[in-house]
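Working notes, beginning with the structure itself.
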Amino acid sequence: MPSRRGAPEMTLQMPPQKTASGNFFEDFRVGQELVHATPRTITTGDVALYTALYGPRFALQSSDEVARAHGYSAAPVDDLLVFHVVFGKTVPDVSLNAVANLGYADCRFGVPVFPGDTISTRSTVIGLKENSNRQSGNVYVRSTGRNQRGAVVLDYVRWVMVRKRDAGAEVTGAVVPDLPTVVDPASLAGPRGVDFRAWDVAASGSPHLWDDYAVGERIDHVDGMTIEEAEHMLATRLYQNTARVHFNQYEQKAGRFGRRLIYGGHIISLARALAFNGLGNGVLVAAINGGRHVNPTFAGDTVFAWSAVLDKAPLAGRDDLGALRIRTIATKDQPTGDYPEAGEAVVLDLDYWVLMPRRGMAA
Amino acid sequence: MPSRRGAPEMTLQMPPQKTASGNFFEDFRVGQELVHATPRTITTGDVALYTALYGPRFALQSSDEVARAHGYSAAPVDDLLVFHVVFGKTVPDVSLNAVANLGYADCRFGVPVFPGDTISTRSTVIGLKENSNRQSGNVYVRSTGRNQRGAVVLDYVRWVMVRKRDAGAEVTGAVVPDLPTVVDPASLAGPRGVDFRAWDVAASGSPHLWDDYAVGERIDHVDGMTIEEAEHMLATRLYQNTARVHFNQYEQKAGRFGRRLIYGGHIISLARALAFNGLGNGVLVAAINGGRHVNPTFAGDTVFAWSAVLDKAPLAGRDDLGALRIRTIATKDQPTGDYPEAGEAVVLDLDYWVLMPRRGMAA
Amino acid sequence: MPSRRGAPEMTLQMPPQKTASGNFFEDFRVGQELVHATPRTITTGDVALYTALYGPRFALQSSDEVARAHGYSAAPVDDLLVFHVVFGKTVPDVSLNAVANLGYADCRFGVPVFPGDTISTRSTVIGLKENSNRQSGNVYVRSTGRNQRGAVVLDYVRWVMVRKRDAGAEVTGAVVPDLPTVVDPASLAGPRGVDFRAWDVAASGSPHLWDDYAVGERIDHVDGMTIEEAEHMLATRLYQNTARVHFNQYEQKAGRFGRRLIYGGHIISLARALAFNGLGNGVLVAAINGGRHVNPTFAGDTVFAWSAVLDKAPLAGRDDLGALRIRTIATKDQPTGDYPEAGEAVVLDLDYWVLMPRRGMAA
């Protein structure tokens, strides 16, 4: 039996709390800075898992050779993998006690991320508003992911409804930030030091370039993908996202749905991979204007998706890439040939800008 | 609300079809060249997933040190992972509308693939034969995978039965290529610049070298492996194989089997991993002479395998490696101690050449 | 039809056994050296899979930048991933015919492992004791994993009950090694050439350092994680662990439990990942004093864990790290708020030393 040195009785009876239980609504203050834990080096292992989990086929992210031909040092990491890693870091501090993830806004992707880069995340509380029932309130945070050189890789706002620890706690004032409904395309620069003029549509698998899309056009992405428990849990752990509802069937079986909830970001990535078929040259996600997880998804659900082109814009100062504003709607267990916009089958409604190579003047 | 610039009314009503629906039988022409999309950089992440999916234990592919001791720059990627990546590229153009994958022939592995290599695939249509019911026809393609230096990593023929878009479409002529039933072992050179004379059987886990196998010998590989839905879907997405029948339970539940079909290549890799126990020094697959997916497999099936030595041949000009022609038969839910060759439990019948180190003269 | 050269009739009828069936109790001798097969290069792909399988968030293993800031060349591989790879190598020779894995002792981690390192394993038989029923006996082995430079990465003793091939086989003598119940903390040096004095608790996600833990303290790790079949099989194949009970549902359905058993090491890794919440700065596992897989686990089980601090010790000659002796108990389908020590729900009882940064004198 080991010795018991250094163990005063009081400590034995009342140890300091070692387990983190996350912040509750009354713990937040507007202007508060949150340094999130676990800087994360992204590797080709993460990229392979991402491919296995969703099956994306975008040529730029699939091939170092394609990426180098356009001026990258290697294939950049899928933008949404970066999103999930940055998002995952914020969960222990922001949304461990969340009732609901309410929305995203003003989400901009920064410098590309390459295998070997290490991502760290900080957030600032930019808004707080208690609910009238005083059980919970909305927390608005701006979160910024940076690489090991301090360059921003992602910057976005999300708001979540967070429970109060103590309903009686006094919370004074309310600040609701003014958020743009769309990221101004004039502010989208596209990646620097690269040039997509020689984009190879045979390698990319789609002949349709920026010039070929019309505002108002709708695309049914046709394919469906069924989700298994092992898949969404592998994904969510890969992102080091600790939200309990995704992992603990013992607890969930007594809950509202009786089942583990799938991380909403898993559906975003699945919808984006399905959208390859129709948007195959939309190689980069430049910004997310907004998004809602309209209904929950569960293992066994088959996800379908369709997209509408909401807008298109050239990029200032460059003729190799243009921006398409896309609305992608994903459903569960309902094919999307009739372009459903609402209803119980709709699980995701995402509004984002993709960058797509333009048809060259000479071609 | 975004502006609607550049969106003529006609486009809104009849957008050009953006979603690829694959080629139908009448779209193919003998001599046609198909440049397949998505050049794919293979990484150590892919290798780790391959190990996790099948559990192969071949020392050459497991250890950079073993590989370097024999003259490789690093552990080469498993030949079948290369096969799946090359095969996956061909699906959107060749077999998206396939009724059945009918066979493989004259499949030869070329230069080794290492993590960091980027594989591209092209195919040539070498045969076409409409079925008498005019609903479909057989398409024969020779597909060639190349690395970023243009060196061939895999070259093979497969033929698939592909639906017609329009049964009434006229298709003239029929070309059925003359295909070898076996790859001539005199044409198998083995990898260049490497030397297996100092092969370490303690490291490899099997004392049996090329010299120890007799033509006619049969080996029951004993072990069984049960397949889960998440596993075969992770694998098939990793290979960027888009065949719908593997992923979409919503659609499949109304289909012939009521379930998702497992990609046949998943069974090939599983059988090869099981065959390690008995063929542990068969470190390289040099060629596939032919193969049939005799019956479909589904999640929940437990796969077993046995092998017969059909032939053996030295390699011209080298005494470090010899070739064994192996027939591996895999079953589902039936152990293979009685060496079944046919029946409903048989799911794979594969005929291939492996290369195995030879017993040194001095030993 | 291929020629049948070199195939004498006798070989056809009685081929030499090519399939390995593992050692039985009477095959072992005290002092016997076992060179295990399959040297294994560990890559960032393995690390990504490990993260996806368990969701660990230890900053040192998650971030190359954190590791470099403390003197490492890169993020070291999780100690338990090293354990599983070393353990996996021993299975074909030591425990393929095991009835039960009885215990571990004197398990010490050596030099850190980095992606690119190749691990080889050897074992020495250090004890043998036949059971009184003569059907089986206990085999004690000391197994040592080394990197490509011959440096020890792990050294441990385990004992397993192994079936006899022939109950009538004579086995003389019995040797039971004298094993320590705890690794002497005075022998724990901690990793060389690194310095944890500037450890960043914001990055690590836990404010609690070595100084803050008291002997006798108990920590409920709160969270639960449900296990799927695909997950534990992916893990166990990744470790190239060939124990049949984990993979073959066809065989297991006729067995004692009717189901595939989960590799005990999978539970160790899961418990360690859960224990991050409360032991987040316990960045290195220095030694495992002992461990028991108290009850089997199966897919669908939800694993919970709690820990007790059994002892604490400074490390000789350094003030940046201290050792905590931790007992972690994992349960299935039972939250651990009441710190259960025994019962049917307890699946793991593990006793180990972790290293944790100390509070600096100046702080």
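Before moving on, here are some points about what is shown:
- Among residues of the range C:142-153 being hydrophobic (A, V, I, L, M, F, W, C) and in a strand (DSSP E or B), the one that is farthest from C:V86 (Cα to Cα) is C:V152.
- Pairs meeting the criteria (first residue in the range A:251-275 and at positive phi, second residue surrounded by fewer than 24 Cβ atoms within 10 Å (Cβ to Cβ) and part of a helix (DSSP H, G or I), beta carbons under 7 Å, at least 6 apart or on different chains) are A:G258/A:Q252.
- Among the numbered conditions (1) out of contact with any helix residue (DSSP H, G or I) (no Cβ under 8 Å at 6 or more places or on another chain); (2) farther than 26 Å from B:S62 by Cα; (3) crowded, with 21+ Cβ neighbours inside 10 Å, the only one that B:T297 does not meet is (1).
Here's the yes/no breakdown for (1) on the phi < 0 side of the Ramachandran plot; (2) of a type outside the set (S, T, N, Q); (3) over 17 Å from the mean Cα position of the chain (by Cα):
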| position | (1), (2), (3) |
| --- | --- |
| B:N277 | yes, no, yes |
| B:G280 | yes, yes, yes |
| B:L284 | yes, yes, no |
| B:T302 | yes, no, yes |
| B:A316 | yes, yes, yes |
| B:L324 | yes, yes, yes |
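- In summary, strands (runs of 3 or more DSSP E) completely within the range B:264-347 and bearing 1 or more residues that are within 11 Å of another protein chain (Cβ to nearest Cβ), in contact with a His (Cβ under 8 Å, 6 or more places away or on another chain) and under 14 Å from B:Y213 (Cα atoms) occur at B:302-315.
- Of all residues in the range C:143-165, none are in contact with a strand residue (DSSP E or B) (Cβ under 9 Å, 6 or more places away or on another chain) and within 14 Å of chain A (Cβ to nearest Cβ).
- Some residue of the range A:188-210 being more than 30 Å from B:K89 (Cβ to Cβ), within 14 Å of chain B (Cβ to nearest Cβ) and either of a type outside the set (V, I, T) or in contact (Cβ under 8 Å) with a residue 12 or more places away in the chain (or both): yes
- Of the listed requirements (1) over 24 Å from C:T41 (Cα atoms); (2) at pLDDT 95 or above; (3) more than 22 Å from the chain's Cα centre (by Cα), B:W199 misses just one: (1).
- Single match in C:P335, C:P296, C:P340 (criterion: more than 27 Å from C:H70 (Cα to Cα) and free of Cβ contacts under 8 Å to residues at least 40 places away in the same chain): C:P340
- The range B:13-41, residues that are more than 9 Å from every other protein chain (Cβ to nearest Cβ) and either of a type in the set (A, V, I, L, M) or more than 30 Å from B:S136 (Cα to Cα) (or both): B:Q13, B:M14, B:V30, B:L34
- All of B:R259, B:R237, B:R218 fail the test of being away from chain C (no Cβ under 14 Å) and of a type outside the set (A, V, I, L, M), apart from B:R259.
- Selection count where residues are of a type in the set (A, V, I, L, M) and either surrounded by fewer than 21 Cβ atoms within 10 Å (Cβ to Cβ) or touching a His at 6+ places or on another chain (Cβ under 8 Å) (or both), scope the range C:106-121: 1
- If the condition is being over 30 Å from A:G22 (Cβ atoms), more than 7 Å from chain B (Cβ to nearest Cβ) and part of a helix (DSSP H, G or I), then the range A:45-99 contributes A:L60, A:Q61, A:A67, A:R68, A:A69.
- All conditions in (1) modelled with pLDDT of 95 or more; (2) over 23 Å from C:G216 (Cα atoms) hold for C:A243, with the sole exception of (1).
- When residues in the range C:100-141 are screened for being within 14 Å of chain B (Cβ to nearest Cβ) and either among the polar types (S, T, N, Q) or not in a loop (DSSP other than H, G, I, E, B) (or both), 6 of them pass.
- Some residue of the range B:211-230 being under 27 Å from B:A74 (Cβ atoms), out of contact with any Ser or Thr (no Cβ under 7 Å at 6 or more places or on another chain) and at pLDDT 95 or above: no
The values are calculated or read from the model by the stated rules, or taken from the named source; none is laboratory data. Worth saying up front: this structure is predicted, and the values here are computed from it rather than measured. Reconstructed Cβ throughout: ideal geometry from the backbone, glycine too, with neighbour counts over all protein chains shown.
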